[in-house]
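The values are calculated or read from the model by the stated rules, or taken from the named source; none is laboratory data. Values in this document were obtained by computation on a predicted structure and should not be read as measured data. Methodologically, a virtual Cβ is constructed for each residue, glycine included, from the backbone with ideal geometry; neighbour enumeration extends over all protein chains shown.
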Amino acid sequence: MMRMEVYGLVKEEITLRQFILLMILFIIGTSILLSPASLAASADNDAWISALVAMGAGLVIIVLFWIISQQFPERNLVDISELVLGKWLGKAVSLLFSYFALISAASVLWTVGNFLVTQIIVRTPALVIHFLVMFAVVYGIQLGIETICRTAEIFFPYIVTLLSIIYLFSIPSVEIKQIQPLLDSSFKQISEGAAFDISVSVLPLIVLLMVFPKYVSEKKRMLPKILLGYVCAYFFIVAITFITTTVLGVRVTANQSYPTYVIAKSLNIEGLIQRAEVIIAVSWILTIFFKLSMYFYASVTVLAQTIGLTSYRSITIPMGLITIALSLIIYPSTIYANDWNETTWLWFSLTFGFVYPLLLSVIGRLRGKSISSNNS
Amino acid sequence: MWLILLMVILVWSGIGLKGLRKKGSVKDMATYIILWAIGTTGLMLYRFGISIPTPLDGIAYIYHPLSSLWKQWFA
């Protein structure tokens, strides 16, 4: 109890380095395992080019987020909404945003459960996995964003090393002829793959505006460092897309749910290193922990701040329970999940990850005078 | 297993509620109780096999015009 009160009073602060590492892990999150399949299904031989296009287009979205952070440097998304849209409309939009973050958290939790149940621990009930993962997430969020960021700092080198092992040892199996002829896909195909990839990797970064720039301690020369971090994160996605399509072939990659996992399974270095798939599973679960944590953090803090609770920590455990319950019913089947992600997810994430911040920025500028007078 | 889970949930929520009562914030307590009730109800409905429509159906309905346009464009 005493501890909770102390946590409620302490102002949290994270470094820019910690924030960038968190952002990289968030971008890699689900994409490292899922993106190659969707990119190969849309853009065939040019899946990796589609990922490059997504990286380029994503830069614009990152710059948009940065512009908003500079427009309202000491505020988070809930503050900005209420300031720009007015108290009640701002609160209504914030509640919708909390719902978006909660749905996203539940879908990520479902993805972890589905991956483990179908690939590794086949006979374990999904509910047990969801409980265990969510327990770690709720505990982390109870301890605060500083703890999550420090954890990201600790795990980052391990994640990069584990992924690099898979990348390096896959290089001997790369066959460029698998993706020839190059640039064979149409612009439509490439842009379809890129759009879906952006909706998974870049647009959800909006949830980080609950942390950035309010809790980031150093505020000088942020943009170049953030862009560099973003490009590094996307490098992992482009590289794994290139490797999966050139090693497995485009058709096999497109037909697999988790092509990166299949790559890791097929690794065999002179009979010495085999069954390396758990490496990719561990690194993926670590990255997804941070993605899930940030979605959950956004849903809890936005809700708590919008309805004016004294501390968000009091509702983390019941919200965790709701996330688990939601994750059990969110996708009735894998086919439903694929169909929903292909048709609706793009628009859902575009609404909250692009239209919402863009409107906040534009309306904020149009109402500039009144907002600055409110501030003073 | 489900009975144990329900007991743990109830005891846990009781401990949390006791802490919030000491703090004396009515809004926090009300939100806490409502969220616990929603979460526990959701889990119990799942346990007893009572089908709950996924919230994604509602979202899909809202975005249907846009997603069908997208499908036509990339058909």
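Scanning the stretch A:343-369 for residues that are farther than 19 Å from A:Ser299 by Cβ, assigned to a helix (DSSP H, G or I) and more than 14 Å from chain B (Cβ to nearest Cβ) yields A:Leu358, A:Leu359, A:Ser361, A:Val362, A:Ile363, A:Gly364, A:Arg365, A:Leu366, A:Gly368, A:Lys369. Total residues in the stretch B:1-53 satisfying the condition of being small (Gly, Ala, Ser), closer than 22 Å to A:Gln142 by Cα and at the interface with chain A (Cβ under 8 Å from one of its Cβ atoms): the figure is 5.
Check whether at least one residue in the stretch B:59-67 is closer than 25 Å to A:Thr344 by Cα, buried (at least 16 other Cβ atoms within 10 Å of the Cβ), more than 21 Å from the chain's Cα centre (by Cα) and not small (Gly, Ala, Ser), and report yes or no.
The answer is yes; a qualifying residue exists.
The residue of the stretch A:166-187 that is farthest from A:Leu21 (Cα to Cα), among those that are touching a Ser or Thr at 6+ places or on another chain (Cβ under 9 Å) and in a helix (DSSP H, G or I), is A:Lys177.
Listed by first and then second residue, the pairs linking a residue in the stretch A:81-93 that is over 17 Å from A:Leu366 (Cβ atoms) to a residue that is in a helix (DSSP H, G or I), with Cβ atoms under 6 Å apart and 6 or more places separating them unless they lie on different chains, are A:Lys91/A:Thr306. Regarding the stretch A:255-266, can at least one residue be identified that is under 18 Å from A:Thr111 (Cβ atoms), polar (S, T, N, Q) and part of a loop (DSSP other than H, G, I, E, B)? Yes: the stretch A:255-266 contains one or more residues that are under 18 Å from A:Thr111 (Cβ atoms), polar (S, T, N, Q) and part of a loop (DSSP other than H, G, I, E, B).
Considering only residues in the stretch A:258-269 that are surrounded by fewer than 17 Cβ atoms within 10 Å (Cβ to Cβ) and either touching a residue at least 40 places away in the same chain (Cβ under 8 Å) or farther than 16 Å from A:Val174 by Cα (or both), the one that is nearest to the chain's Cα centre (by Cα) turns out to be A:Ser266.
Please pick out the residue among B:Leu45, B:Leu3, B:Leu69, B:Leu20 that is assigned to a helix (DSSP H, G or I) and touching an Asp or Glu at 6+ places or on another chain (Cβ under 8 Å).
So the residue among B:Leu45, B:Leu3, B:Leu69, B:Leu20 that is assigned to a helix (DSSP H, G or I) and touching an Asp or Glu at 6+ places or on another chain (Cβ under 8 Å) is B:Leu20.
The condition (being more than 22 Å from A:Pro204 (Cβ to Cβ) and either among the polar types (S, T, N, Q) or at pLDDT 95 or above (or both)) is satisfied by just one residue among A:Thr151, A:Thr124: A:Thr124.
For A:Ile315, the conditions (1) facing another protein chain (nearest Cβ under 8 Å); (2) surrounded by 23 or more Cβ atoms within 10 Å (Cβ to Cβ); (3) within 30 Å of A:Glu192 (Cα to Cα) all hold with the exception of (3). Of all residues in the stretch A:270-314, those satisfying the criterion of being in a loop (DSSP other than H, G, I, E, B) and without any contact (Cβ under 8 Å) to a residue 12 or more places away in the chain are A:Glu270, A:Gly271, A:Leu272, A:Gln274, A:Arg275, A:Gly308, A:Leu309. A:Tyr234 meets the conditions (1) over 19 Å from A:Ile198 (Cβ atoms); (2) surrounded by 24 or more Cβ atoms within 10 Å (Cβ to Cβ); (3) among the hydroxyl-bearing types (Ser, Thr, Tyr) in every case but one. The failed one is (1). Scanning the stretch A:198-227 for residues that are outside any loop (DSSP other than H, G, I, E, B) and farther than 13 Å from A:Trp66 by Cβ yields A:Ile198, A:Ser199, A:Val200, A:Ser201, A:Leu203, A:Pro204, A:Val207, A:Met210. Looking only at the stretch A:327-342, residues that are within 7 Å of another protein chain (Cβ to nearest Cβ), touching a Gly at 6+ places or on another chain (Cβ under 9 Å) and touching a residue at least 24 places away in the same chain (Cβ under 8 Å) come to 1 in all.
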